[in-house]
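What follows is one structure encoded as structure tokens, with my remarks underneath.
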Amino acid sequence: MTHEPGTRPAVDRSTVEAILRDRFGFDSFRPGQRELVECILAGRDALGVMPTGAGKSICYQLPALALHAEGGSPCTTLVVSPLVSLMNDQVMALVNAGIPAAYLNSQLSPSQQWEVLDRARAGAYALMYVAPERLSDPRFQAFAESAPVPLVAVDEAHCVSQWGQDFRPSYLGIADFIASLPKRPAVAAFTATATPRVADDIVRLLGLRDPLRVTTGFDRPNLRFEVEQLPDKRKLARIAALALERPADSGIVYCSTRKDTERVHEALVAAGVRATRYHAGLTPREREANQRAFVNDDAPVMVATNAFGMGIDKSNVRYVAHYNMPGSLEAYYQEAGRAGRDGEPAECLLLWSDPDIATCRFFIEQETGNEALSYEEQQVVRASQRRRLAAMTGYCMTTDCLRATILRYFGESVEQEAAQDGETGETPNHAGCGNCSNCEGSVDKVDVTITARSVMRCVHELRGRFGKSVVADVLCGSQSAKIREWGLDRKRTYNIVEDSSATVKEIIELLTAGEYLEISEGRYPLVGLGPRAREAATDEFRLYMKRKRKPEKSAKGARTDVKGAAKGAPAALETDEQRADAEGVPPYVVFSDAALRGMCTSLPRTDEEFLAVSGVGPVKLERYGKAFLSEISRAE
Ligand code: ADP
Ligand code: MG
């Protein structure tokens, strides 16, 4: 079967526009949509790489509708989609818009499945959504061989790639399925994952033929990016403050484990936030109910693992907060990108801690790997995961514009790139986007080049046989028995830096993020030289670190600035964390958002003043007054 581009009567422009207007209700195409629609209608393969929320669905739904209506015999576009929930939502939306569509999945009884197939054969549907597993089902194959299929659309196409973060082996069967069809349809693939490697995999593994590649800009100017390093024990307070600061807003909080998801969810609910949760440990029924509650704004805040969100079309998500650092910038940007799909301003807050990085390393090592891969291939996959982790930690630690860091990673040129500073890829802050925490001047940049050079020399001298702590101990001149026993106090790089051991460890992570160093995965991660180690020895080499700023606790600031006051709230709460813990109560149940704001604004000094704060009654004064008043007086 050969591909015959352009053999279809082209649907003209005005028809396409009429369909967009009359059937989908949109006045105009968004960037990339028209090219993709026209290309697909001309029978050519396509690959659409567009960020979450850009409107990829229309790119195949519109052609499907046009093809269905065109000519004498109606035909059905097949849409391969990875998740049942996603399929259901999309089909529901289409049917509501009067577009004939159906899905075929395990939620239907066998007889319902037969019915859908019969009706599809009769041309009832413009689109039929199927899970990739379905393609190898003989009954489905028999259908596909007998019914005309002009187009196969593959949604979330990065699932075919081992380099992506959502690899699904069943996606590898799509190419075989297409090859088994009597007449090769046009194949259109869509993804929000922008790395060239994944795109190449999609073309190769789906067998796309000379596809039109459309990549739209990845910048999402309405998203504000913020990164904050916080010890794990302070993260809950920060998330609660964020949710309470925006009580009317919908948000998503991503956690990396089910346990944290449960913890954060419980704390938010206790704090009076209408939150729900989603992770793989819940029953499908619970997951679906919770997802609906979120989408309907019955529970506007969703706390979830990364199992949640693919294909969720909720446009009014005002913030996405990450309780843990994800393993890659791909994953981060995709998840964060679920904020602000309506184009209105939205926040993307990433909290991270040192243990987050260690956890990601641990996952890379633990992953049993894919059995279809040889040992060597698995090593290659691991190496790539390590590189992606390095880029992710680089994002956390950079003093550069966060938006520019993301866009550069996805291979998009950034305007201020010309201003790049030597090998570090750092750009001066003044050239940044003005809408991220690094560009807003809340970051102090410290030149740590000299210490970084010492670290490089030390790792070289220790020949990569020790971990982060030992390297730091040597550089800082630790007197520990271990160091002396091993003779490390006789090394040339012993006791040559002035910085604290914590700072040195952070510099090691920073150097790892820049690939100057490499930290092996494993039970005892070792620090060795990375692929760019040589560059660190050049004169151009510079390394900058973020200086951690103490949270502002000035009384004046708190009185005049409401936002500042709200930010002060968690600090006051934190001191009470242990107390609340001991009582078995999450900290946020202690005082309402309004009460905390009140405290931050009025800064009470006496019991009377404390009582005067709205939300504080005699019982709470008795229980918490002392702790809070002392914390407030310390803060002043
Ligand atoms: P993606 O799959 O790329 O993440 P979707 O296809 O789910 O994005 O579309 C995101 C939102 O944008 C949806 O609410 C959709 O209705 C809307 N949308 C898509 N195309 C247009 C358009 N041309 N004009 C206005 N809104 C659009
Ligand atoms: Mg989509």
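The values are calculated or read from the model by the stated rules, or taken from the named source; none is laboratory data. All of these numbers come straight from a predicted model, not from anything done at the bench. All Cβ positions, even for glycine, are placed from backbone atoms using ideal geometry, and neighbour counts span all protein chains on display.
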(request) Please go through the range 310-332 and pick out each residue that is surrounded by 23 or more Cβ atoms within 10 Å (Cβ to Cβ) and within 15 Å of ligand 2 (Cβ to nearest atom). (result) Val317
(request) Look through the range 52-96, keep the residues that are within 13 Å of ligand 2 (Cβ to nearest atom) and small (Gly, Ala, Ser), and return whichever of them is surrounded by the fewest Cβ atoms within 10 Å (Cβ to Cβ). (result) Ala93
(request) Considering only the range 453-508, state which residues are in contact with a Cys (Cβ under 8 Å, 6 or more places away or on another chain) and part of a helix (DSSP H, G or I). (result) Val471, Val474, Leu475, Ser501, Val504
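Conditions (1) of a type in the set (A, V, I, L, M, F, W, C); (2) more than 16 Å from ligand 1 (Cβ to nearest atom); (3) at pLDDT 95 or above, marked per residue:
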| residue | (1), (2), (3) |
| --- | --- |
| Gly251 | no, yes, yes |
| Thr261 | no, yes, yes |
| Glu286 | no, yes, yes |
| Gly309 | no, no, no |
| Tyr319 | no, yes, yes |
| Glu330 | no, no, no |
| Gly340 | no, no, no |
| Pro345 | no, yes, no |
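Please go through the range 150-159 and pick out each residue that is within 28 Å of the chain's Cα centre (by Cα) and either modelled with pLDDT of 95 or more or within 12 Å of ligand 1 (Cβ to nearest atom) (or both). So that I can check it myself, show each step before the final result.
Initially, the range 150-159 is screened for residues within 28 Å of the chain's Cα centre (by Cα), giving 152-159.
Selection gives Val152, Ala153, Val154, Asp155, Glu156, Ala157.
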(request) Output the residue which, of all residues in the range 40-58 that are part of a loop (DSSP other than H, G, I, E, B) and within 6 Å of ligand 1 (Cβ to nearest atom), is farthest from the chain's Cα centre (by Cα). (result) Gly55
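So which of Arg220, Arg292, Arg234, Arg209 is outside any loop (DSSP other than H, G, I, E, B) and either touching a helix residue (DSSP H, G or I) at 6+ places or on another chain (Cβ under 9 Å) or more than 22 Å from Arg341 (Cβ to Cβ) (or both)?
Values: Arg220 fails: outside any loop (DSSP other than H, G, I, E, B); Arg292 fails: either touching a helix residue (DSSP H, G or I) at 6+ places or on another chain (Cβ under 9 Å) or more than 22 Å from Arg341 (Cβ to Cβ) (or both); Arg209 fails: outside any loop (DSSP other than H, G, I, E, B).
One residue alone meets the criteria, Arg234.
Quick grid of which residues meet (1) crowded, with 19+ Cβ neighbours inside 10 Å; (2) among the acidic types (Asp, Glu); (3) within 16 Å of ligand 2 (Cβ to nearest atom); (4) in the same structural domain as Ala46 (by TED's automatic domain parsing):
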| residue | (1), (2), (3), (4) |
| --- | --- |
| Leu117 | yes, no, no, yes |
| Ala122 | no, no, no, yes |
| Phe143 | yes, no, no, yes |
| Cys159 | yes, no, yes, yes |
(request) Considering every residue within the range 188-201, establish whether at least one is within 16 Å of ligand 1 (Cβ to nearest atom), part of a loop (DSSP other than H, G, I, E, B) and over 24 Å from Glu38 (Cα atoms). (result) no
(request) List the number of the failed condition for Tyr171; all other conditions in (1) in contact with a Pro (Cβ under 7 Å, 6 or more places away or on another chain); (2) closer than 23 Å to Ser85 by Cβ; (3) surrounded by fewer than 22 Cβ atoms within 10 Å (Cβ to Cβ) hold. (result) (3)
(request) Answer with yes or no whether Thr191 is buried (at least 18 other Cβ atoms within 10 Å of the Cβ) and either within 16 Å of ligand 2 (Cβ to nearest atom) or more than 30 Å from Thr399 (Cβ to Cβ) (or both). (result) yes
(request) Among the residues of the range 415-452, write down those that are at pLDDT 50 or above, surrounded by fewer than 18 Cβ atoms within 10 Å (Cβ to Cβ), of a type outside the set (A, V, I, L, M) and not in a loop (DSSP other than H, G, I, E, B). (result) Glu415, Asp444, Lys445, Asp447, Thr449
(request) Sort out which residues of the range 121-149 are under 37 Å from the mean Cα position of the chain (by Cα), among the small types (Gly, Ala, Ser) and either part of a helix (DSSP H, G or I) or closer than 15 Å to Cys75 by Cα (or both), and write them in order of number. (result) Ala126, Ser136, Ala144
